[in-house]
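The values are calculated or read from the model by the stated rules, or taken from the named source; none is laboratory data. Note that the structure is a prediction, hence the values are computed from the model and not measured. Backbone-built Cβ (ideal geometry, glycine too); neighbour counts: all protein chains shown.
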């Protein structure tokens, strides 16, 4: 089995989780992104297999049936889920696997993998979150209202996470997430080989 650990990063839409993760991967090579799958359409600039595995509804349901999906949910009319192969590919390289998934999926992952580390990213305020959603220019007014309502529901799950990060300043938020990765790397339970080395001497 690989040395990497499983991390789950969740946040309401507009909290900047994609930007934080992109910057994190520029700063460290000890973690890799386990690309999620979705049935939603790609946004401008998104690349299949990089940002998401973009699947048709039939393809997604086929993978569910074949046991290839660790967890999934129907979110705002589209499937989102974690492919087993995406996680295994990262962990087998010895890196931490980072899953970017919503709260229900995170709770399902925690049930299957109690050792998973859950990180929740919060906006500085509800006003800032709504402003960010409008600034993106990718949502209709109805979608913005829906996503804001969804965000309020998602935040109620934050108490079930291991770490909370407020994205008020991008650099600080990235450093906070990097600190979480480092803290978990140093935990005794993740260093059996190191302890065994000293026990044998």
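General remarks:
- In segment 13-24, the qualifying residues are those that are touching a strand residue (DSSP E or B) at 6+ places or on another chain (Cβ under 8 Å) and assigned to a loop (DSSP other than H, G, I, E, B), and the one that is surrounded by the fewest Cβ atoms within 10 Å (Cβ to Cβ) is 16.
- Segment 33-54: number of residues that are farther than 30 Å from residue 185 by Cβ and loosely packed, with under 13 Cβ neighbours inside 10 Å: 6
- Qualifying position, being on the phi > 0 side of the Ramachandran plot and either without any contact (Cβ under 8 Å) to a residue 60 or more places away in the chain or out of contact with any helix residue (DSSP H, G or I) (no Cβ under 7 Å at 6 or more places or on another chain) (or both), among 49, 14: 49
- Test: residue in segment 2-10 that is more than 27 Å from residue 165 (Cα to Cα), touching a strand residue (DSSP E or B) at 6+ places or on another chain (Cβ under 6 Å) and at pLDDT 90 or above: no
- Residue within segment 25-32 that is over 19 Å from residue 184 (Cβ atoms) and outside any helix (DSSP H, G or I) present: no
- Residue 128, sole failed condition from (1) over 18 Å from the mean Cα position of the chain (by Cα); (2) surrounded by 12 or more Cβ atoms within 10 Å (Cβ to Cβ); (3) under 13 Å from residue 76 (Cα atoms): (3)
- Boolean, residue 124 is within 15 Å of residue 161 (Cβ to Cβ), modelled with pLDDT of 90 or more and in a loop (DSSP other than H, G, I, E, B): no
- Residue that is farthest from residue 140 (Cα to Cα) [pool: residues in segment 55-72 that are surrounded by fewer than 17 Cβ atoms within 10 Å (Cβ to Cβ) and touching a strand residue (DSSP E or B) at 6+ places or on another chain (Cβ under 7 Å)]: 68
- With respect to the conditions (1) in contact (Cβ under 8 Å) with a residue 12 or more places away in the chain; (2) surrounded by fewer than 16 Cβ atoms within 10 Å (Cβ to Cβ); (3) over 21 Å from residue 22 (Cα atoms), residue 166 lacks only one, and its number is (3).
- Checking the stated criteria, residue 143 turns out to be in a helix (DSSP H, G or I), farther than 15 Å from residue 103 by Cα and in contact (Cβ under 8 Å) with a residue 40 or more places away in the chain.
- Scanning segment 73-82 for residues that are crowded, with 22+ Cβ neighbours inside 10 Å and over 14 Å from residue 41 (Cβ atoms) yields a count of 2.
- Total residues in segment 64-79 satisfying the condition of being farther than 17 Å from residue 116 by Cβ, in a strand (DSSP E or B) and at pLDDT 90 or above: the figure is 2.
- The number of residues in segment 81-112 being within 12 Å of the chain's Cα centre (by Cα) and part of a loop (DSSP other than H, G, I, E, B) comes to 2.
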